[in-house]
Amino acid sequence: MQRTDEVAVGDLLVTSGIGCRFPKGIAVARVVRVAKRDFGIYQEVEAEPTVDFSRLDAVLIVLSDPKDCAPGR
């Protein structure tokens, strides 16, 4: 993330929908640490998944049609 991006511990990270790989708005992780250095253009963010993968017994695979990802949709 760029140093100017506002991010704080506890923030929820969600899918953007850009690129049409995943639908927009799926929660994937929560920020647990933010480190801004005194130099450079980036900051370091550590996040933990919102799901405990060891407890999953089923998953849902989401498929999308490329035509549904046309600009303006």
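Observations, loosely collected:
- For the range 20-39, filtered to residues that are farther than 21 Å from Val51 by Cα and open to solvent by less than 60 Å² (accessible area, probe 1.4 Å), the residue that is farthest from the chain's Cα centre (by Cα) is Ala35.
- The set of residues in the range 1-34 being in a strand (DSSP E or B) and at pLDDT 90 or above consists of Leu12, Leu13, Val14, Ala27, Val28, Ala29, Arg30, Val31, Val32, Arg33, Val34.
- Residue within the range 58-65 that is at pLDDT 90 or above and surrounded by 10 or more Cβ atoms within 10 Å (Cβ to Cβ) present: no
The values are calculated or read from the model by the stated rules, or taken from the named source; none is laboratory data. Please read these numbers as outputs of a predicted model, since none were measured by experiment. Neighbour counts run over all protein chains shown; Cβ positions are idealised from the backbone, glycine included. Just so you know, the surface numbers come from the protein's heavy atoms only, side chains and all, with ligands and any DNA or RNA stripped out. Shrake-Rupley method; radii C 1.70, N 1.55, O 1.52, S 1.80 Å.
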